[in-house]
Amino acid sequence: MFSTSKTGFSLFAGALVALTLGGGAKAADQVRVRGTVESLQGNMLSVKTREGSSAKIMLKDGWKVSGVAKASVDDIKPGDFVGIASLPTASGGDGALEVLIFPAAMKGTGEGSYAWDLKPNSSMTNATVADAVKSVDGHAVTVSYKGKEKKITIPDGTPVVTFADAAETDIKPGATVFVPSEKADDGSMSSGRVVVGTNGVVPPM
């Protein structure tokens with residue numbers, strides 16, 4: 001079972017960011033698998049991907065599992081560290097697709113703004129909230145990272161979550177998962193962690 005202790009979150013965060021940002025492999029070798037569980041047999045996880053194909057992922061020894069818990073825009077406070085997937089808006093700036101509020105132990109994880117594949121042309125910004133969420137022409141938040149600032153609007157209905165406990169038994173057929181993976185030259189995939197939906201809350205990242 002994934003631990004919510006400072007050490008557990010830090011270990012999970014470090015490995016997750018290594019896979020999503022390229023810390024552990026070349027960018028071309030990284031695959032973020034999103035979909036629903038078909039089966040988990042031993043360390044072999046089969047996922048029906050959002051694209052409709054079936055992906056088989058070998059889970060590494062000591063692999064970890066985490067869930068997500070529902071949060072709200074009102075939970076976002078100055079000084080919080082957040083991960084926001086967003087898209088450019090027609091009026092300029094970015095509009096959020098999802099918001100992850102990191103636990104305090106994970107502050108600084110993967111700080112920066114970089115390309116993301118949740119949707120075409122989307123980006124992921126891991127940054128510190130510089131001011132409170134405002135409700136002028138919709139919710140908006142200003143975040144800072146590496147000496148830069150970015151204002152992101154958060155439309156009503158945008159998923160807002162934080163990490164939560166989960167267990168291997170939560171990885172069952174039909175469960176929604178996000179699996180940051182490494183793809184070998186022969187096409188095989190492996191991963192050291194799985195983020196799984198529990199209690200009706202699915203990983204929006």
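A few notes on this one:
- As a fraction of the 1.4 Å probe accessible area of region 77-205, surface on carbon and sulfur atoms comes out at 51 percent.
- Taking amide H positions as modeled 1.01 Å from N, with prolines and chain starts lacking one, the residues under 5 Å from Val160 and 5 or more places away or on another chain are Ala71, Val99.
- Counting only protein heavy atoms and a 1.4 Å probe, region 28-97 has 48 square angstrom of accessible area per residue.
- With the highest mean first, a sort of the peptides 65-71, 82-88 on other beta-carbon atoms found within 10 angstrom per residue produces 82-88, 65-71.
- Were the residues from Thr169 through Asp185 laid out at 0.36 nm apart, the gain over their Cα-Cα distance would be 2.7 nm.
- Cα gyration tensor category, rounded, prolate or oblate, for region 101-204 with a/c compared to 1.5: prolate
The values are calculated or read from the model by the stated rules, or taken from the named source; none is laboratory data. This is a predicted model, so every value here is computed, not measured. Neighbour counts are summed over all protein chains in view; Cβ atoms, including those assigned to glycine, are modelled from backbone coordinates with ideal geometry. Note: areas computed on protein heavy atoms with side chains; ligands, DNA, RNA excluded. Shrake-Rupley method; radii C 1.70, N 1.55, O 1.52, S 1.80 Å.
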